[in-house]
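Engineer: Provided herewith is a single structure, encoded as structure tokens, for subsequent inquiry.
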Amino acid sequence: ADFEPLNINLQAIDTLGNATFHQLPLTADSIAPRCGIFSPPDGGFLNGNGSTFFRLMMNDGSPTLHMEASVDNKPIPVSRLDGIVSAHWNDPPKEDGSPHTFRYSATDQGGNSCSGQAVFLLDNVPPSLSVTQPMSDAVLGLPWFDGGAWVTGPTPDDGLNPTPTVTVDWDDGLGARLATTIDGGYRFPVSPT
């Protein structure tokens, strides 16, 4: 039973047939809550810019669940809004792929509980990006355009993460276009037009 009403009916009868009745209303709950994590996936990356939310599934027949969560054994607040359970990690440290352990649990009014954990990597440090050609604030004349002009720079560094992609937007209304990866960097040809 998962928080279901149960009545126990008692009767006492003496030798003369006089009877007394008593009904004892109870609630039966022998089923543990169900809980799991939607995001981040175990072993996945979490981008914690400012604050971070973990999305959880915690449900039970009991109208009241005691929910707990922690990151690296430090408690974090848990809330439920419109059926969605979230755990909120305020001000995570600035890190580029460091592992952390997220634990969660739910206990119903009958004392039944569920729990789980996931290890995730925190990445809230943007990749480095620099341009070696053209130089900042340069005046680009016709010789530069006629000489096979390129926007170039070293490969962006993003710590333990895969190499980021680089796009170039000429502010011409056509949007960003992917730069070509070359040994040790990226480059994008400049159209003479």
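Engineer: Return the carbon/sulfur percentage of the accessible area of the chain, one whole number, probe 1.4 Å, all protein chains in place.
Structural biologist: On the way: 6800 of 12260 Å².
Ligands and nucleic acids excluded, carbon and sulfur reach 56 percent.
Engineer: While we're here: So which trypsin sites (Lys or Arg not before Pro) in the stretch 10-85 are both in a DSSP loop and have at most 15 other Cβ atoms within 10 Å of their Cβ?
Structural biologist: Values: sites: R34, R55, R80; in loops: none.
Nothing satisfies the criteria.
Engineer: Can you give me the orientation-averaged projected area of the convex hull built on the Cα atoms of the stretch 24-113, in nm²?
Structural biologist: Result: a mean projected hull area of 6.7 nm².
Engineer: Using the Karplus equation 6.51 cos²θ - 1.76 cosθ + 1.60 (θ = phi - 60°), what ³J(HN,Hα) coupling, rounded to whole Hz, does each residue of the stretch 62-71 give in order, writing x for Gly and Pro?
Structural biologist: Each residue of the stretch 62-71 in turn: 5, x, 10, 10, 8, 10, 9, 8, 8, 10 Hz.
Engineer: Next up: For q values of 0.11, 0.13, 0.21, 0.24 Å⁻¹, compute log₁₀ I(q)/I(0) with the Debye formula on a Cα-only model of the stretch 62-158, without solvent.
Structural biologist: -0.57, -0.65, -1.09, -1.23
Engineer: Related question: Taking the Cα centre of the chain as origin and charging only Cβ (+1 Lys, Arg; -1 Asp, Glu), how large is the dipole, in debye to the nearest 20?
Structural biologist: Result for the chain is approximately 140 debye, rounded to the nearest 20.
Engineer: Give the value in nm², to one decimal: projected area of the alpha carbon convex hull of the stretch 9-49, averaged over all directions.
Structural biologist: Quarter of the Cα hull surface area: 5.8 nm².
Engineer: Ranked highest first by the average count of other Cβ atoms within 10 Å around their residues, in what order do 83-95, 115-127 fall?
Structural biologist: The peptides rank, most packed first, as 115-127, 83-95.
Engineer: How big is the stretch 107-193 on each of its three principal axes, counting only the C-alpha atoms and giving the largest first in Å?
Structural biologist: 80, 29, 21
Engineer: Amide H to amide H under 5 Å from L122: which residues, 5+ apart in sequence or cross-chain, H placed 1.01 Å off N in plane?
Structural biologist: Sorted by chain and number, the residues that satisfy this are L46, G97, S98, H100.
Engineer: Could you tell me what fraction of 2.2 N^0.38 Å the Cα radius of gyration of the chain comes to, as a two-decimal ratio?
Structural biologist: The chain yields a ratio of 1.88.
Engineer: Using the crude model of +1 on Lys and Arg Cβ and -1 on Asp and Glu Cβ, and no other charge, please compute the dipole size for the stretch 85-163 relative to its Cα centre, in debye to 20.
Structural biologist: 220 debye
Engineer: Still on this structure: With each run of n ≥ 4 DSSP H residues scored as -39500 (n - 2.57), what mean residue ellipticity at 222 nm is computed for the chain after dividing by its residue count and rounding to the nearest 500 deg cm²/dmol?
Structural biologist: The helix contribution divided over the chain gives -500 deg cm²/dmol.
Engineer: Positive end of the charge dipole of the chain (Lys, Arg +1 and Asp, Glu -1 on Cβ, about the Cα centre): tell me which of S128, S115, F53 has its Cα farthest that way.
Structural biologist: S115
Engineer: In nm, give the distance between the simple-model label positions of Q23 and D72, each being 7 Å from the Cα along the Cα-to-Cβ direction.
Structural biologist: 5.7 nm
Engineer: Can you tell me how much longer the chain between Q109 and F38 gets when fully stretched, taken as 0.36 nm per residue apart minus their C-alpha distance, in nm with one decimal?
Structural biologist: Length gained between Q109 and F38: 23.1 nm.
The values are calculated or read from the model by the stated rules, or taken from the named source; none is laboratory data. Here the structure is a predicted model, which is why all the values come from computation and not from measurement. Cβ coordinates were reconstructed from backbone atoms using ideal geometry, including for glycine residues, and neighbour counts include every protein chain displayed. Areas reflect the complete protein model, heavy atoms only, side chains present, ligands, DNA and RNA absent. Shrake-Rupley method; radii C 1.70, N 1.55, O 1.52, S 1.80 Å.
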